[in-house]
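Heads up: the structure comes next, in structure tokens.
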Amino acid sequence: MNDRKAPVLAKGPGTPRPAFRADIVGPLALHRRALARALVRSGAFATVEEHVAVESGSAGTGYDVTVVDLPALGVAAVQQICAGRATLAWGGYLHSGAVAALVETGLRGYVSVIALERELALAAMRVAAGVAALPSLDTTSVRLTPAELRACQAYLVDGADAPRALVAAELGISERTLKVHLANVRAKVGSTAANRVELARELRARGILR
């Protein structure tokens, strides 16, 4: 069995009447229990259930929010979960560009691994209530040089299917110089992209590429 449910009821004197149902998804039991504990202590969740993974085809309609262990599941798995659920991603130290890329697939909230327990609970409550709980996705601090912008446009858009050497030749620069420009862009935006398709998606999410 790769799916385990562990219902936990929010209790305690003086707590608000529980209103939400939450689902915690991730392969690490220690993380799931810590996340569940944070939600239960808030007093806002009537039920918190744990699952190792999301069953294929499950839309998660019975939950108001699904909290996912992003580092343990991976970005690709979280993107699939986002497609059918009100999802809050927890963990890691994602740059706003990476968060913006996940938002494109339906992510409703994100809290880093250093978030306080109450911050996690508040974010989960916001997502459960239909309100986004995202960090600032301000992109105004990112400044690419004209050469970097040309490199991105040529490699990620105009020549998206062309070999890097050919793109460099069309730009009139060496392949090494093109690689340096792209590396600088990745560093400036804090990209975690595994390939040029993902990098293009991140830059579009930040408004750098059209």
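Every number in this text was worked out from the coordinates using simple rules, so none of it is lab data. Treat the numbers as computed from the prediction; the structure is a model and nothing was measured. Positions of Cβ are backbone-derived with ideal geometry, glycine not excepted, and every protein chain shown enters the neighbour counts.
Order by neighbour count: Phe20, Phe45, fewest other Cβ atoms within 10 Å first, most last.
On the way: Phe20 20, Phe45 25.
Sorted ascending by nearby Cβ count, the order is Phe20, Phe45.
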Worksheet entry | For Val67, residues with placed amide H under 5 Å, excluding near neighbours | Asp23, Ile24, Val25, Leu88
Item to complete: Evaluate the distance, in nm, between pseudo-label points positioned 7 Å from the Cα of Ala34 and of Thr105 along their respective Cα→Cβ axes.
Response: 2.3 nm
Response to the item:
Residue-ordered couplings for the stretch 167-179, obtained by feeding phi - 60° into the Karplus form 6.51 cos²θ - 1.76 cosθ + 1.60 and rounding to whole Hz (Gly and Pro as x), are 4, 4, 4, 5, 7, x, 10, 7, 4, 4, 5, 4, 4
Worksheet item: Dividing the convex hull volume of the alpha carbon atoms of the stretch 146-205 by its residue count, what do you get in Å³ per residue?
Response: 74 Å³
Worksheet, complete the sentence: For the stretch 71-87, in residue order, the Karplus 3J(HN,Hα) values (coefficients 6.51, -1.76, 1.60; θ = phi - 60°; whole Hz; Gly and Pro = x) are x, 6, 7, x, 4, 4, 5, 5, 4, 5, 5, 4, 4, x, 9, 6, 10
